[in-house]
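The values are calculated or read from the model by the stated rules, or taken from the named source; none is laboratory data. Only a predicted model underlies this, so the values are computations on that prediction, with no experimental measurement involved. All Cβ positions, even for glycine, are placed from backbone atoms using ideal geometry, and neighbour counts span all protein chains on display.
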Amino acid sequence: MDIWKWVNEAEAEARRLGNTRLAELIDRLPTVVTEDAHTQADALFPEALALARQAKSPWLEVFFRHWNLQSRIFHRSEPGEWLSESISLLEFAHREETRECPQSVCATQDVAGCYGRADGPGWASERKAVVIETLSRIDATWPCFTCLSTEYFLGLMDEKRFEEALAWLEKQEAALVAAGQGHKRKYLLGERADVLLELGRLPEALAAAEACEESTPSDHTRMEARILQARVLARMGRTSEALEVLPALSAVRATPGHYGNWADALVQLMKAEAIGNDANLERTLLELAGRLASTGAIRGAVRIEEQRAEAALKRGQPQSALHACARLEALVPRLRKPLGADETLRHLRARAEALTSERPPELPESAAALLDQAEKGPEDVLRLLDAARTRWPGERATLVRAQAKALEQLGRGEEAEVALRSLLDADAHPTPDVVRELGMNLLERRRFTELHALVDSVLNASGDTPLRVEAYRLRARAALESGEKAAAKAPLRAMLELDPELRGTTLTLAALERDTGERERALARLDDAVARWTEPGPHDWDRMLVATLLGRWDVVRASASRLGFKLKEDSGPVEEEWEACRLRYTEPDGTFTEVWARRTGPVTARVVSIAMPDSAQHVGDTVAFDATPLNEGPAEGEEEEHSWLYPVVEVLRPGRYSVFALDGVGPGDEAIERMYETLAACGARLSVRTSDTYRLMTPEGEEVPGFFALLAVPPEADLGEVEAGLRRCAEGLPHPVLWPTLLEKLGREQEAEAQRAVAEEWEISL
């Protein structure tokens, strides 16, 4: 059964019926899921499901709900919230109207995966049974054959039956070969690497993990493969290679499905002394375990808490080990079967309690020094607190702040909040430091309701200027963190009324006024800033940006002159040809697009790069950008290759280019040069993107070089004239060059279909 053939047919049918958006979502949702683009997946799924139901297509409902569960369970490990949905989908997928849907079989995988993420070993036998029953109803030609085979394999792995797991993989691979599906063995490479690692066959495991990375088009699987390589390399003692290949925490943070293996790689590197066994490791493992516990992935959370406790004991920090034990005591009862986790917990607690009798580090010379130490040695600070309270009984506030700071450094923000609130409750006149630290604690944990209550209590109780400034600052930051730019303006204005010399606040407020439609007010504020702080600086750059948006070129030139720029014209818009740069757009769905551009002035640029037809298109845009770069400056010796990256603030003049793909067989350098000249004469731009590896086969079986290019046509150009120019250039070529989307745009459907038929014959994806 070819599931993807059905999917492609469903997409084509939706387009034929004029339901273009439904067709786009059929194509797009699986892609964003496999790319771990979770925000996009969450944005697309409700719309996709609604359109499937509107189209009265239960098969598409199964399809979309399955892909949502793939994201939620297999990528983000959220079994707690999504178990009921997986069971509901399994029932829905086996109704009369859906049981023949090719995707319905996958609902079994979703349920098995959900139980596996909650407590894999605890549910191993049941998961294996349901998979075997489902496999008996399909054969190796089904795409879900490998998915279901993986689920059975994971059951064996959870039971630590590693030899059987490897034998199972080999049996399923043989079935694929026998069914003429041998190329699909690549989908089991990650599993092969995993079991070979457990069997200690490290060179073979590494080879399988590397092959997995090379063969997959999936970002998620590629990340899994890199983590696997790091795990193997760390065990082989090749730690520098492991560190190089291991993705950063920031790259895996949004995808908890990676946490268990990533944590294992980290712990192995710690054991090999390639990374420190320190507070950073403690904080990282606590974060990963906490996230898994919150989503119902209990067995994964238990494993990482056990690793955290072991690492803490190894570095002689019993308090952190006991903290991990306390969390394990809450987690172990939530497992379906303890399977030794309860006994492990008892051993860990006994070892941690025995370690507490050891002498703690020596106290520093003062309580203030302990506060300074809290960032570098937070675990030592927590061990010293009892002795410190005895030594400095009058320094309660300083010691509590040191305790809170240490807890925050270890990722224990909730406990830090309790400590800081004890100071606030005990003092009718708290210091700005305490208010700021408690406010930042709440802000970082996104506890906005509590933060606003704190600000209100301070403003209602105190007339102290520094304290009120701090309260307003926290309110403004909370608004900005919540994405409420307009709400941040009032507290910032209140801060400036209390202290007009707050330069950073002035610039922040001007930027908010600029972005919320108060541009004249922003410009007046920046004019005042230039008068108040007479030396050239950031206020001039911000002033030029606002003046550009308002078309106040006289002001742009005035600040440019203060900054030392020598602009060519004395009046009118600034339109020059400066160096190349990169620009970052924030798209409507919250994603980023980076493009190449040519600067036309201090804060303006024109986009020159052409994006693929199905991507966000910005070629030809003239934009205003914030001149504070988003990237670091060049390293020594890399000045020539370096380019600055700036955030786009506003499109001043959109390019509105139409972009079409050209695909086919390489026509040769002369023909390509003729295309450049002909299309340029029509006002269009050609961008050849052919790589040396792009090869096609003629229908007779001869290998020939491929050709791929993008054609960008501005709105003022005549599309018909452009197409006629292309046709002239292609006349007499021995092999085809095709442009069906351009023909479709011109309404010439028959010609477009003829080109698509040629593309299918040549196996060209258009």
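Can you tell me which of Leu176, Leu196, Leu169, Leu156 is under 31 Å from the mean Cα position of the chain (by Cα) and in contact (Cβ under 8 Å) with a residue 24 or more places away in the chain? Outline the logic, then answer.
Numbers: Leu176 fails: under 31 Å from the mean Cα position of the chain (by Cα); Leu169 fails: under 31 Å from the mean Cα position of the chain (by Cα); Leu156 fails: under 31 Å from the mean Cα position of the chain (by Cα).
Answer to the check: Leu196.
Exactly one condition in (1) within 22 Å of the chain's Cα centre (by Cα); (2) assigned to a helix (DSSP H, G or I) is not met by Pro247; state its number.
Single failed check for Pro247: (2).
Scan the range 321-358 for residues that are hydroxyl-bearing (Ser, Thr, Tyr) and closer than 20 Å to Glu282 by Cα and jot them down. Give the derivation first.
From the range 321-358, those hydroxyl-bearing (Ser, Thr, Tyr) are 344, 356-357; that's our starting set.
Within the range 321-358, Thr344, Thr356 meet the criteria.
It is to be established whether one or more residues within the range 346-362 are part of a loop (DSSP other than H, G, I, E, B), surrounded by fewer than 19 Cβ atoms within 10 Å (Cβ to Cβ) and within 35 Å of the chain's Cα centre (by Cα). Spell out the reasoning first.
Filtering the range 346-362 for residues part of a loop (DSSP other than H, G, I, E, B) gives 356-362.
Keeping just the survivors that are surrounded by fewer than 19 Cβ atoms within 10 Å (Cβ to Cβ) gives 356-362.
Now drop any that are not within 35 Å of the chain's Cα centre (by Cα), which leaves none.
Checked the range 346-362: no residue is part of a loop (DSSP other than H, G, I, E, B), surrounded by fewer than 19 Cβ atoms within 10 Å (Cβ to Cβ) and within 35 Å of the chain's Cα centre (by Cα).
Taking the residues in the range 203-219 that are crowded, with 19+ Cβ neighbours inside 10 Å and not acidic (Asp, Glu) as candidates, determine which candidate is modelled with the lowest pLDDT.
To start, the set of residues in the range 203-219 that are crowded, with 19+ Cβ neighbours inside 10 Å comprises 205-206, 208-209, 212-213, 216.
Retained after the next criterion (residues that are not acidic (Asp, Glu)): 205-206, 208-209, 212, 216.
Values: Ala205: 97, Leu206: 97, Ala208: 97, Ala209: 97, Cys212: 95, Thr216: 89.
Among those that are crowded, with 19+ Cβ neighbours inside 10 Å and not acidic (Asp, Glu), it is Thr216.
When you scan the range 545-564, how many residues do you find that are without any contact (Cβ under 8 Å) to a residue 60 or more places away in the chain, part of a helix (DSSP H, G or I) and not small (Gly, Ala, Ser)? Outline the logic, then answer.
Initial filter on the range 545-564 (without any contact (Cβ under 8 Å) to a residue 60 or more places away in the chain): 546-547, 550-564.
Then drop every residue that is not part of a helix (DSSP H, G or I), which leaves 546-547, 550, 553-562.
Within this subset, residues satisfying the condition of being not small (Gly, Ala, Ser) are 546, 550, 553-557, 562.
Number satisfying all stated conditions: 8.
Pick from Ala388, Ala428: which is more than 42 Å from the chain's Cα centre (by Cα) and closer than 29 Å to Gly290 by Cβ?
On the way: Ala428 fails: closer than 29 Å to Gly290 by Cβ.
From the options Ala388, Ala428, the qualifying one is Ala388.
Give the residues of the range 508-527 that are of a type outside the set (A, V, I, L, M), assigned to a helix (DSSP H, G or I) and in contact (Cβ under 8 Å) with a residue 12 or more places away in the chain, sorted by residue number.
Passing the criteria: Thr508, Glu513, Arg514, Asp515, Arg519, Glu520, Arg525, Asp527.
Need the failing condition index for Tyr115 against (1) of a type in the set (Ser, Thr, Tyr); (2) under 29 Å from the mean Cα position of the chain (by Cα); (3) closer than 19 Å to Ala175 by Cβ, just the number.
(3)
Conditions tested, residue by residue: (1) part of a helix (DSSP H, G or I); (2) crowded, with 24+ Cβ neighbours inside 10 Å; (3) among the small types (Gly, Ala, Ser).
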| position | (1), (2), (3) |
| --- | --- |
| Gln70 | yes, no, no |
| Ser77 | no, yes, yes |
| Gly80 | yes, no, yes |
| Leu90 | yes, no, no |
| Thr98 | no, no, no |
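Of everything in the range 490-507 that's out of contact with any Lys or Arg (no Cβ under 7 Å at 6 or more places or on another chain) and within 18 Å of Leu451 (Cβ to Cβ), which residue is surrounded by the fewest Cβ atoms within 10 Å (Cβ to Cβ)? Reasoning before the result, please.
So the first thing to find is which residues in the range 490-507 are out of contact with any Lys or Arg (no Cβ under 7 Å at 6 or more places or on another chain), and the list is 490, 492-494, 496-497, 499-505, 507.
After this cut, where a residue has to be within 18 Å of Leu451 (Cβ to Cβ) as well, the list is 490, 492, 494.
Values: Ala490: 14, Leu492: 24, Ala494: 17.
Out of the qualifying residues, it is Ala490.
Could you check the range 595-612 and list, in sequence order, the residues that are closer than 26 Å to Ala709 by Cβ and surrounded by 13 or more Cβ atoms within 10 Å (Cβ to Cβ)? Spell out the reasoning first.
Let us first name the residues in the range 595-612 that are closer than 26 Å to Ala709 by Cβ, namely 595-598, 605-612.
If the condition is that a residue be closer than 26 Å to Ala709 by Cβ and surrounded by 13 or more Cβ atoms within 10 Å (Cβ to Cβ), then Val595, Trp596, Ala597, Arg598, Ala605, Arg606, Val607, Val608, Ser609, Ile610, Ala611 are the ones that fit.
Among what's in the range 14-30 and is in a helix (DSSP H, G or I), without any contact (Cβ under 8 Å) to a residue 12 or more places away in the chain and surrounded by fewer than 16 Cβ atoms within 10 Å (Cβ to Cβ), pick the residue that is nearest to the chain's Cα centre (by Cα). Write out each step before concluding.
Filtering the range 14-30 for residues in a helix (DSSP H, G or I) gives 14-16, 20-30.
Add one more test, that the residue is without any contact (Cβ under 8 Å) to a residue 12 or more places away in the chain, and what stays is 15-16, 20, 24.
Then keep just the ones that are surrounded by fewer than 16 Cβ atoms within 10 Å (Cβ to Cβ); that gives 15-16, 20.
Numbers: Arg15: 31, Arg16: 34, Thr20: 28 Å.
Per the criteria, the residue is Thr20.
From Asn261, Asn277, grab the single residue that is touching a helix residue (DSSP H, G or I) at 6+ places or on another chain (Cβ under 7 Å), buried (at least 16 other Cβ atoms within 10 Å of the Cβ) and not in a helix (DSSP H, G or I).
Numbers: Asn261 fails: not in a helix (DSSP H, G or I).
From the options Asn261, Asn277, the qualifying one is Asn277.
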